[in-house]
Amino acid sequence: MITLYAFGPQFSLPDPSPFVTKAELLLKMSGLPYQTDLNGFRKAPKGKLPYIKDDGELIADSTFVRRHLEQKHKINFDRGLSAEQKAIAWAFEKMAEDNLYWAIVDCRWMVDANFDKGPRTFFDKIPAPVRPLIVPMIRRQVRKNLHAHGMGRHSRAEIEWIATQGIDAIASYLGQKSFFMGPEPVGADATMFAFVASALCPQFDTPIRAAAERHDNLRRYVGRMTARYYPDRTELAGCKAAA
Ligand SMILES: N[C@@H](CCC(=O)N[C@@H](CS)C(=O)NCC(=O)O)C(=O)O
């Protein structure tokens, strides 16, 4: 059975990491049996989650998880899509993963009020005496990562503007379709659900959330995806509330 290494549900989301949520949805879409392990971070091959173990083989990074499921298990996540649609799907996914993601990181980690009710809780399990050292150290590392990416060099207003452009583009392209590319979910929905649900997350008070909440179609989309892929998870209140 495939093992998905994840952080575990938090903040009314399937996982605080949109990449883990994406990988989990790909597994759900594949119909392959899988289990979740919440203790794999320290052994992560690329230092990040998600990764999976399949028949002893480790596959790190949500995009390579998808490629693995396609190649080894012959799952066609793009069923029915034209070459043009596949190109659009890839571009939207990478916009969310490599641009919108960093705006979400900024507003969760760099805005004190959001950090306190969000990422700070990741460290609740480490011994209290070392917490005052570890937490600021990790937060400084995230600030460096934001700077290295480039997003962290912008003002907060500029970051929020970029994020709003991304959210508006996702909402415009989704339009009145049931799923991102058409009447049925495809691979891109794993990514788009993960990022739109993260943007709408009720735990954080952010202009990104406000931007997403302005689009009824995004709220309905998250509700529809939650109903289909997490029907028994009543704790995903944030996702359900979007319905
Ligand atoms: N490109 C990777 C990104 C994964 C990623 O950024 N994971 C974050 C959580 S959202 C992580 O594990 N960060 C831990 C760290 O950087 O130390 C993917 O698609 O899986």
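The values are calculated or read from the model by the stated rules, or taken from the named source; none is laboratory data. All values reported here derive from a predicted model rather than from experimental measurement. Positions of Cβ are generated from backbone atoms using ideal geometry, with glycine treated the same way; all protein chains shown enter the neighbour counts. SASA here: full protein model, heavy atoms, side chains in, ligands and nucleic acids out. Shrake-Rupley method; radii C 1.70, N 1.55, O 1.52, S 1.80 Å.
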Response to the item:
For segment 117-124, in residue order, the Karplus 3J(HN,Hα) values (coefficients 6.51, -1.76, 1.60; θ = phi - 60°; whole Hz; Gly and Pro = x) are 8, x, x, 4, 5, 4, 9, 4
Worksheet item: Sorted by accessible area (1.4 Å probe), largest first, how do I134, I59 line up?
Response: I134, I59
Worksheet item: Beyond 19 Å, what share of the Cα-Cα pairs of segment 140-223 remains, rounded to the nearest whole percent?
Response: 43
Worksheet entry | Pair R120, E184: separation of 7 Å Cα→Cβ label points (nm) | 4.8
Response to the item:
Probe 1.4 Å, heavy atoms of protein chains only: per residue, the accessible area of segment 103-151 in Å² is 59
Worksheet item: In the Gaussian network model of the chain, springs joining C-alpha atoms below 10 Å, which of I162, I104, I88 carries the largest mean-square fluctuation?
Response: I88
Worksheet, complete the sentence: Under the rule rounded for a/c under 1.5, else prolate if a/b exceeds b/c, else oblate, using alpha carbon gyration tensor axes a ≥ b ≥ c, the chain is classed as oblate
Fill in: Residues of segment 164-185 with amide N under 14 Å of a point placed 7 Å along Cα→Cβ from K86
none
Worksheet item: Which lysines, on any chain, are close to K86 with Cα under 24 Å apart, when same-chain ones fewer than 8 places away are left out?
Response: K22, K28, K72, K74, K94, K177
Worksheet entry | Vicinal HN-Hα couplings computed from phi for segment 226-232 (Karplus, 6.51 cos²θ - 1.76 cosθ + 1.60; Hz; Gly/Pro x) | 4, 4, 7, 9, 10, x, 9
Worksheet item: Percent of accessible area on segment 103-243 owned by carbon and sulfur, 1.4 Å probe?
Response: 56
Response to the item:
Beyond 26 Å, the calculated P(r) of segment 77-192 holds a percent of Cα-Cα pairs equal to 37
Worksheet item: Karplus couplings for segment 129-144 from phi (6.51 cos²θ - 1.76 cosθ + 1.60, θ = phi - 60°), rounded to Hz, Gly and Pro as x?
Response: x, 8, 4, x, 8, 5, 4, x, 5, 5, 5, 5, 5, 5, 4, 5
Item to complete: Give a quick list of trypsin sites (Lys or Arg not before Pro) in segment 1-51 that DSSP marks as loop, anything other than H, G, I, E or B, with at most 16 other Cβ atoms within 10 Å.
Response: K46, K48
